[in-house]
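Below is one structure, written out as structure tokens; the observations come after it.
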Amino acid sequence: MSAPKQAQIEINSALAEKSAARRMLNEAQVLAIIPVSRTTLYRMEKVGRFPKSTYISPNRRVWFEDEIIAWQNAVDEFDPKRARGKGRRARR
């Protein structure tokens, strides 16, 4: 196959991946995956520790599944310097 044809095939496959539909999860589906309360989920989102949601209509909020999976993979990495939550007493 010639180089220009190969380049065109690669461009087409990249565009197809980029335009592929992303799976959207509603609040109940996210809470079924992430073991936190609804309030904790919104607090984490507000401070930037969880992916931002998107409104697809005035009363419909969704998260993209690929962003949730990326967040889970990042959380899986253990940080030995991780401290306890804000406002809690230090360990003795």
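Every number in this text was worked out from the coordinates using simple rules, so none of it is lab data. Given the structure is predicted, the values throughout are model-derived calculations rather than measurements. Glycine also receives a Cβ, built like all others from the backbone with ideal geometry; neighbour counts cover every protein chain displayed.
Quick notes on this structure:
- Each residue, Ala32 and Val75, gets one label point 7 Å from its Cα in the Cβ direction; the gap between the two is 1.7 nm.
- Each Cα pair under 8 Å and six or more residues apart adds its sequence gap; the mean of these over the residue count of the stretch 22-76 is a relative contact order of 42 percent.
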